Each structure stands twice: as C-alpha cells, then as structure tokens.
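The values are calculated or read from the model by the stated rules, or taken from the named source; none is laboratory data. Keep in mind that what you see is a predicted model, and the values were worked out from it rather than measured. Cβ placement follows ideal geometry from the backbone for every residue including glycine, while neighbour counts extend to all protein chains displayed. These accessible areas exclude ligands, DNA and RNA; they are computed on the full protein's heavy atoms, side chains included. Shrake-Rupley method; radii C 1.70, N 1.55, O 1.52, S 1.80 Å.
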Amino acid sequence: MPIGLIALALGGFGIGLTEFIIMGLMPEVAGTFGVTEAQAGWLITGYALSVAVGALVVTAAVTRLPRKQVLLGLLVLFVLGNLVDAIAPTYGVMMLGRIIAALCHGAFFGIGSVVAGAMVAPEKKASAIAVMFTGLTVSNVLGVPLGTFLGQAFGWRSTFWAITVIGVIAFIGIALLVPAMERDTAAVSLRRELNAFRSGQVWASLTITILGYGGMFGAFTYIAYVLTDVSGFPSRAVPWLLVVFGVGLFVGNLLGGRAADRALDRSLLIVLSALTVVLALFAVLAYSPVATIIALVLMGGFGFATVPGLQMRVMKYAGDATTLVSGANIGAFNLGNALGAWIGGVTITAGLGYTSPIWAGAAITLAALVVLGISMTRDRRTRDGARQAGSPALVA
C-alpha cells in the first residue's frame, strides 16, 4: 500500500478523535463553562449536524479544485477549529470551534476516499479506503481513552492542543506523501457531480448506508446502560469494554475492505446478515457478561466491516462523478447515527427496557438488508437486459 495512505489515516485519526473525545471530557468542559450536562451535549449534536451539512455544501464548493490541495485546505480548517476550542473563553466560542472543525469532516473522508482509491489498482480500492478509515477506528480504540486520560490529568484544553498538533502533522504528511491528482478540470462541474444523483443505485446505496450503519450505532448509543444495568458490569469497567468494541471496529474495517474488493455486494450481504443476527442474539443474551463481551467484539467488527464496502458501492454507481456522492455518503453515515440514536431513545422512553435499542438496531439493519437485496436484483436485471440487447442473435 502507498505510504500516502498512512498520512490520510492520520488525518482520519485526528478527525475521529475530535468527534468522539468530547464524550470523555464532558464533565470537565461543562464545569469550566458552568453549563448543564444537556447543554454540554449540544457540543456533540452541533458537531454531527455540521458534519452532515459540510459533507454536501463544502464538497460541492470544492468540486473543481485539485483534490490534494482541497485535503490540505480542509486540514487547515480542522486545525483552526481545534485551536479555537483549545483557547475558547466561553461556551459559545467552544461551540464555534466545534462547528468549524466539523465542516471538514464529511468532505475530508469523502474526497479522501476518492484519493485513496486513485492511489492503488482498481481491485484494491476498497482496501485502500479501509486503510484511510483505520484512522477513525484507532481513534476509538486508543485515541479516546488516551485523550480522556490526558484531559483529566492536565486539563481538557491539553487534549485539544494535542489534537491541533496531530492536525499539523497530518497536513505535513499529506503535503509530502500524497501525490498530486491530475484532473481534467474542463470535464469537472457541479452539474456533472449532481447528475450522479439521478442514479437509482446511488440513492439505494445511500439508503443502505443510513440503515446499515444506523442499526449498529443505534444499539451502541445506549450501550453503557446495557453494560451496567443488564449485563451487571461495574461502571468503572465500561471504558475498557468500549476498547473491546473498538478492537472489533479496527479488525472489521480492514477485513471488510478486503472482502469488498473480492465481491462488493455479496460481502455487504453477508456482513449485514451477520450483523442482524449478532444484534438479535445480543439483545437476548445481554444478561450474560461473557456473551456481552463476545457480542461487543462482533457488533463492532461486523458493524464497521460495512464501511469500506458502503463507501465503495456509492462511488461505483456514481461513475466518474464520485466526489460529491462520496461526501454525501459520509453525511449518510451521520444521518444513520442520528436515526439509530433517536429510535433507540424512543424505545427506552416507551418503557421497553435498555435492550430495546439493540432490538431496534437489528430491525434497522434488517431493513438495510432488504434494500440491498432489492438493489442487487434490479442491478442484475439491468445488466441481463443490456446483455440481451447487445446480443448479435437477438439483434438479427
């Protein structure tokens, strides 16, 4: 694999750390600014909404620009946002920094996916995308626990200073290691990129992303309550159990990329089927600590094994106009996060218990499977029809 993929992964690590670290530092941040837990929670919600907006708006704005320069510009935005957070004197300025940093998130992963795929042979594109997303998984496995420890030991601002430094290093790495991508700028236009959305398969792929990832994230959002109130783990064990989940993410991401390179739709069909079964079994066996640990690894593994394939699928059906569609799919991941978390919250509010979000996640993932099955069937019929139309025997 080209060494430039490591630089992209480092950028992904920093961005992932920015997204998730606030969860571990929320009490300290809330105490500094004198806000409630709910108000501090808006630092997470505001970030997620900005990611969804930036994935489309920012990507659309830079469509005609050279991709390497765009990635470097996005990292400047990332560094600026985290620098603002590190020195923020008020809650409002802190929120502003979060929004600035979030605007680069969707465009970076969207354009980064296109760049990563262009750096390798066609049969290795999904694996290259998986390497870039490895940074995101490592940010969960190692970054969040270490960042939380740093913030608790030296103050939460030290963590954002560290993330700022990571952004600077990623900028240098991409500048030196990622090759310039030659583009036919005359053939690139926003209209052409938007035309990719005329494909029914593109919309099917975006829907599968929302449902497939939303099912896993909906189950994960309330996992702390499951671990302590259902499985019986002490609260002090939760961070380490989340590391176990993160290990599953890391392994699943890499294996999912390799599987998608071999057989894209078939691998997604298998992984989503396995994820549905794992979630259903987890909901049934959550009372068992041993079964819970196994389920956490498998849920993280199968859940993130979908990511390279889902990103590759939407790019496949976009043809040559992959930039905006790729960014839109990153936004779809975040919409899935919001959908899964909302439905899971509704089930708990309805009095269905802490395992109900896991059941809801299984149902959402099953819906993704149905959409994928219909999409595969239609694609097969389209290809068969085109093959028959081009047959010399039929033409004669």
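Using the heavy atoms of the protein chains alone and a 1.4 angstrom probe, what is the accessible area of segment 253-385 per residue in square angstrom?
Counting only protein heavy atoms, the per-residue value for segment 253-385 is 40 Å².
Which of TRP42, TRP156, TRP359 ends up with the largest GNM mean-square fluctuation for the chain, with Cα atoms connected below 10 Å?
In this elastic network of the chain, the residue with the biggest mean-square fluctuation among TRP42, TRP156, TRP359 is TRP42.
Tell me the volume per residue, in Å³, of the convex hull enclosing the alpha carbons of the chain.
Value for the chain: 138 Å³ per residue.
Can you work out the base-10 log of I(q)/I(0) for segment 119-250 at q = 0.16, 0.20 1/Å, using the Debye formula on its C-alpha atoms alone?
Rounded to two decimals, the profile gives -1.17, -1.31.
Going from the alpha-carbon gyration tensor of segment 39-88, what semi-axes, largest first and in whole Å, does one get by taking the root of 5 times each eigenvalue?
Over the Cα atoms of segment 39-88, the semi-axes work out to 24, 15, 5 Å.
In nanometres, what is the gap between the two model label sites at VAL277 and PHE197, each 7 Å from Cα along Cα-to-Cβ?
3.8 nm
Grab the eigenvalues of the alpha-carbon gyration tensor for segment 237-396, scale each by 5, take roots, and send me the semi-axes largest first in whole angstrom.
So the three semi-axes of segment 237-396 are 35, 17, 16 Å.
Shape verdict for segment 4-62, please, from the Cα gyration tensor: rounded (a/c under 1.5), prolate (a/b greater than b/c) or oblate.
Since a/c reaches 1.5 but b/c is at least a/b, the shape of segment 4-62 is classed as oblate.
Given 25 °C and 0.890 mPa s, compute D for segment 16-141 with the Stokes-Einstein relation, Rh being the Kirkwood radius over Cα pairs; round to the nearest whole µm²/s.
158 µm²/s
Build a GNM of the chain with springs between Cα atoms under 10 Å: which of THR292, THR36, THR323 gets the top mean-square fluctuation?
Comparing THR292, THR36, THR323 in a Gaussian network model of the chain, the most mobile one is THR36.
For segment 266-390, which whole percent of the accessible surface, found with a 1.4 angstrom probe, sits on carbon and sulfur atoms?
The nonpolar share, carbon plus sulfur, comes to 70 percent.
Lys/Arg Cβ at +1, Asp/Glu Cβ at -1, dipole of the chain taken about the Cα centre: which of LEU176, TYR47, ALA204 is farthest positive-ward?
ALA204
Residues of segment 46-176: accessible area per residue at 1.4 Å, in Å²?
Accessible area per residue, segment 46-176: 36 Å².
Could you give the dipole magnitude of the chain about its Cα centre, charging the beta-carbon of Lys and Arg +1 and that of Asp and Glu -1, in debye to the nearest 20?
980 debye
Would you please classify the overall shape of segment 133-177 from the alpha carbon gyration tensor, given that a ≥ b ≥ c denote the square roots of the eigenvalues, rounded means a/c under 1.5, and beyond that prolate means a/b larger than b/c while oblate covers the rest?
Because a/c hits 1.5 or more and a/b fails to exceed b/c, segment 133-177 counts as oblate.
What value, in deg cm²/dmol to 500, does the helix sum -39500 (n - 2.57) over DSSP H runs of n ≥ 4 give at 222 nm once divided by the residues of the chain?
-27500 deg cm²/dmol
Per 5 Å bin from zero, what fraction in whole % of the C-alpha pairs of segment 249-331 is there, up to the bin with the longest pair?
So the P(r) values, bin by bin, are 3, 16, 21, 19, 17, 11, 7, 4, 2, 1.
Could you give the length gained on full extension between TYR225 and VAL238, defined as 0.36 nm per residue of separation minus the Cα-Cα distance, in nm?
Length difference between fully extended and current span is 3.7 nm.
Which residue fluctuates most in the GNM of the chain (Cα springs below 10 Å): GLY11, GLY200, GLY215?
Maximum fluctuation in the GNM of the chain, among the listed residues, is at GLY200.
Quote to one decimal, in nm, the extra length available between VAL76 and VAL346 on full extension: 0.36 nm per residue of separation minus the C-alpha distance between them.
Contour length minus Cα-Cα distance gives 93.3 nm.
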